[in-house]
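Below: one structure, written as structure tokens.
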Amino acid sequence: MSDIDQDIAARLDSMGVVPLIGGLIPEKATAELLGYSPAYMRQQASRGLAPLPYVLRGNRRFYRVRDIRAFALNCAG
């Protein structure tokens, strides 16, 4: 497990978030991981400008851990 994977796992654990099957994380937890507000994530998604691809389950947005990881790596380097 790489440093970023360990960091993501530790932060999710500290938030009490357990990824769903497929590595899906709720929008609020994703926003916290990336340093965005949940409102910003919702607004951008509703405008078609979400910073990451998401999966809809009912009316809730979930983000994949692998996409969060890739986004963090691309923004850091």
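None of the figures in this text is laboratory data; all of them are computed from the coordinates on show. Everything quoted here is computed from the prediction, not taken from an experiment.
Structure summary
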quantity	calculated
Calculated Rg and Dmax of the Cα atoms in Å (choose from (i) 11.9, 35; (ii) 16.9, 56; (iii) 20.4, 67), label	(i)
Extension gain from Leu73 to Ser14, taking 0.36 nm per residue of separation minus the Cα-Cα distance	19.1 nm
